[in-house]
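Quick notes on the structure that follows.
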Amino acid sequence: MSPVKRLLARLALGLSLAVSPWLAQAADLDLVGYQRADGAITVHRNGDFVDPYFALKALLAARELGLDVTGPARRWIDWMLARPTRDGLFGRYCADSEGAWSQCQEADADDSLLALWLELLYVTAPDSGLPPAWQDSAARSRAALDKLYDPRLGGYVISPTLHVALLMDNCEVVGALRTVAARLQSMGDVAGARRLRRQTDQAERRLTWLFPAKADGLLRHTSEAEGPDAFYPHLVAQLYPALHGLPTLLKKPAIGYREWMRRYRHAWLTLAVDDYPWGLVAQVAQQQGDTATVACWVRQTAPLRHGARWHVLEEALWQGLSTHVDPDTPCSLH
């Protein structure tokens with residue numbers, strides 16, 4: 001190869017590395033249209049409704065997938081801290097025509113929301129510890145979450161008024177508290193970390209009794225009587241133990257990732273089973289090293305971005321997952 005051709009080849013390679021999102025390193029999470037100037041993160045693009053669960057889940061998922069969420073996370077935390085409650089609980093919020101926020105609904109699930117809030121505070125804080133305002137909020141939220149644990153059931157219930165335990169919520173709570181325990185350890189609170197690890201280990205063991213596998217290999221997904229199988233919540237819930245690192249729930253006869261994909265992959269990837277495309281399933285695929293499935297999901301869902309079937313969590317997952325796959329990877333829906 002001549003020196004000129006060699007130089008052109010190097011320039012082409014450098015350009016491809018610069019512009020290919022799947023090769024980018026430490027990309028920033030881009031929440032343009034979702035995060036307002038005041039820090040609020042709306043569920044839908046250019047929306048006027050905030051459900052903190054979706055914002056928290058989006059920030060944490062993007063962080064886990066390698067995106068830099070520091071700026072959006074700190075602005076979001078400041079926004080949340082401006083809405084304190086005496087009981088440590090949060091609600092859902094609507095903006096009026098002038099952009100002022102007020103609580104317009106109760107939270108959909110206090111247990112998950114509180115746990116994810118604690119996780120975001122601890123992973124965003126420096127190793128020196130939580131700032132004072134964060135400490136106060138964390139203490140209130142931790143106390144509120146502890147009150148939601150029902151020792152009779154052996155799991156966390158949805159809210160103070162809805163005493164139902166859900167598989168998805170409990171996986172999120174245990175996974176989040178384990179992350180908090182790890183951060184306590186790195187912050188020097190060894191005793192606190194040890195206590196929290198014991199608490200989460202015990203909680204996981206109790207969940208194996210609360211959500212056992214049935215004859216079809218699917219775990220029970222609620223402490224209530226189950227209705228007919230539906231993609232959400234029943235089938236999606238089966239992947240939450242893997243997503244949040246609770247392996248003891250997946251012992252046989254419970255189905256694993258491969259069997260789930262054998263049964264439901266086509267219906268999920270063809271976007272025919274729910275209003276939303278469920279990028280959390282693709283996140284599990286990424287954790288399992290199934291890059292072909294991740295690439296399929298990224299490709300299949302690109303036309304949906306920012307539309308009626310899209311929300312901030314799907315956007316965060318799409319941005320994060322697209323950095324892990326080659327967009328030219330062949331996609332088979334079967």
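What follows draws every value from the coordinates through simple rules; no lab data is involved. Fair warning: this is a prediction, and the values are worked out from it, not measured in the lab. Here Cβ is always computed from backbone atoms with ideal geometry, including for glycine, and neighbour counts include all displayed protein chains.
Below are the figures for this structure:
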read-out: Percent of beta bridges antiparallel (DSSP, the chain, rounded to nearest 5); value: 95
read-out: Amide H partners (placed H, <5 Å) of ASP68, local residues excluded; value: ALA27, ASP28, LEU29
read-out: Cα gyration tensor, segment 218-334 - rounded (a/c under 1.5), prolate or oblate; value: prolate
read-out: Sorted peptide list for 299-308, 192-201, criterion being average Cβ within 10 angstrom, highest first; value: 192-201, 299-308
read-out: Sequence-distant residues sharing a close amide H with GLY155 (under 5 Å, placed H); value: ASP150
read-out: Karplus (6.51, -1.76, 1.60) ³J(HN,Hα), θ = phi - 60°, over segment 125-130, in Hz, Gly and Pro reported as x; value: 5, x, 5, 6, x, 6
read-out: Inter-site label distance for ARG195 and HIS324 at 7 Å from Cα along Cβ, in nm; value: 3.5
read-out: Rough spin-label spacing in nm, given labels placed 7 Å along Cα→Cβ, for ARG309 and TRP209; value: 4.3
read-out: Fraction of the pair-distance distribution of the chain above 38 Å, Cα-Cα pairs, percent; value: 17
read-out: Modelled FRET efficiency - R0 45 Å, ALA292 with ASP127, Cβ distances, 0.05 increments; value: 0.75
read-out: Rg/Rg_globular for segment 178-273, with Rg_globular taken as 2.2 N^0.38 Å and Rg from C-alpha atoms; value: 1.30
read-out: Distance (nanometres) between label positions extended 7 Å along Cα→Cβ at GLU226 and ARG262; value: 1.9
read-out: Chain lengthening between CYS331 and ASP275 when straightened (0.36 nm per residue, less Cα-Cα); value: 18.0 nm
